[in-house]
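Okay, so here's the structure we're looking at.
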Amino acid sequence: MTFWLIECCFVGPLLGDLDAPYVWNKLRHSFTLKHYHKVSYFYYHRQFLPLDHPYKRNKNSFKKRCVETSPLPPRMSSLNMWNRVAHLPFSYDLEEEEEEIHGYGTYILRHNIDVLHTERNVFMNVFDIAMDINDRTMDTYKARMDIAKICNRKELELKDIGRVKLFNPKAAYALTKSQKVANCKWVKELKLPDGYASNLSRYVDLNQGKLHGMKSHNCHVFKQRLLPIAFDSLPKHIWKPLVELSHYFRDLTSTTVNVEKLI
């Protein structure tokens, strides 16, 4: 999607609260989280899996009591996308942007995503949740309230233990305080080859048990090479997908093309 679609310059009137780039696929699985107040596509992504994939019939790991039976939506051309939105009103700030928008229907490459920035965003989300950083994790009190309504994850639901505020149980995917401190000490003392990455110790905050201010290239190195080691104390069913995600980005940015993995 190009910048004007992501920023919803004209999609808002179409979707109302469903403020999303997948306007052409009707967004029948999109919904707004009651407590977190964010639009979620948590259920929709299963539509892109093969029809015989076990996740499509899974009623417990995703939205509870729901299965996904719809096939993969058709891939639309740039011209078809443009014809759907060309009649909608939107404003221009620069003449160059106006020319870019009107030429959208002829584009072969409809978007150009910066891999390093995407990798950094993925890494920071994974890292902040696993390190349970209060001001940055997505695993918040409001998120746990929505989990109770949407998912069948009893171990993540808020517990009433007689206090004024409900107790928020620690998730299996989050490190303990001692593990976080050990992780930060390991990163602070880590020595890497000259020129491989900048000095990671400068980003370590031992008092709060977190890393901050890392640039895209440092996140790139940490995500692909250090993440499996940093989180090897997590349960195996959580650690293994993190390793696979690390390998995925390693293959994606590899200088050697594996023809068998090309789509």
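What follows draws every value from the coordinates through simple rules; no lab data is involved. Quick caveat: nothing in here was measured; it's all calculated off a predicted structure. Note that each Cβ is placed from the backbone with ideal geometry, even for glycine, and that neighbours are counted across all protein chains shown.
Please name whichever of P71, H53, Y43 sits farthest to the positive end of the charge dipole of region 38-81, dipole taken about the Cα centre and charges placed at Cβ: Lys and Arg +1, Asp and Glu -1.
The listed residue farthest towards the positive side: Y43.
List, in order, the whole-Hz ³J(HN,Hα) value for each residue of region 32-37 obtained from phi through the Karplus relation with A = 6.51, B = -1.76, C = 1.60 and θ = phi - 60°; use x for Gly and Pro.
3J(HN,Hα) across region 32-37, in whole Hz: 9, 5, 5, 9, 7, 6.
Cβ under 12 Å from A182's Cβ, A182 left aside: what net charge do those residues give with Lys, Arg +1 and Asp, Glu -1?
That sum, taken over residues with Cβ under 12 Å, equals +2.
Hey, what do the phi angles of region 45-62 turn into as Karplus ³J(HN,Hα) couplings, whole Hz, using 6.51/-1.76/1.60 and θ = phi - 60°, x for Gly and Pro?
With the stated coefficients, region 45-62 comes to 5, 5, 5, 8, 7, x, 4, 8, 6, x, 5, 5, 9, 6, 9, 10, 7, 10 Hz.
Between E157 and V67, take the C-beta separation as r, use R0 = 30 Å, and let me know the FRET efficiency to the nearest 0.05.
Details: r = 22 Å, r/R0 = 0.74.
With R0 = 30 Å, the Cβ-Cβ based efficiency is 0.85.
In nanometres, what is the gap between the two model label sites at L51 and D205, each 7 Å from Cα along Cα-to-Cβ?
5.2
Reachable lysines from K159, Cα under 20 Å, same-chain residues fewer than 8 places away excluded?
In chain and number order, the partners are K34, K64, K142, K149, K170.
At 25 °C and 0.890 mPa s, grab the translational diffusion coefficient of region 142-263 from Stokes-Einstein with a Kirkwood Rh over Cα pairs, rounded to a whole number in µm² per second.
Answer from the Stokes-Einstein relation: 142 µm²/s.
Between region 202-263 and region 109-149, what's the alpha-carbon centroid distance in Å?
One Cα centre to the other: 14 Å.
Starting from region 122-217, pick out the trypsin sites (Lys or Arg not before Pro) whose DSSP state is loop and whose Cβ has at most 11 other Cβ atoms within 10 Å. Walk me through the numbers on the way to the answer.
Numbers: sites: R136, K142, R144, K149, R153, K154, K159, R163, K165, K170, K177, K180, K185, K188, K191, R202, K210, K215; in loops: R136, R153, R163, K165, K170, K191, K215.
Answer by residue number: R163, K165, K191.
If you take every residue apart from L166 with its C-beta less than 13 Å away from the C-beta of L166, what net charge results, scoring Lys and Arg +1 and Asp and Glu -1?
Around L166, the charge tally is +3.
Apply the Karplus parameterisation 6.51 cos²θ - 1.76 cosθ + 1.60, with θ equal to phi minus 60°, to every residue of region 147-153 and state each ³J(HN,Hα) to the nearest whole Hz, in sequence, with x for glycine and proline.
Here the 3J(HN,Hα) series is 4, 4, 7, 9, 10, 9, 10 Hz.
Sort T32, T255, T137 so the one with the fewest other Cβ atoms within 10 Å of its own Cβ comes first.
With the sparsest Cβ surroundings first, the list reads T255, T32, T137.
Among I161, I147, I129, I229, what is the fewest-to-most ranking by other Cβ atoms within 10 Å? Provide the component values of the computation, followed by the final result.
Details: I161 9, I147 20, I129 16, I229 13.
The most exposed by this proxy come first: I161, I229, I129, I147.
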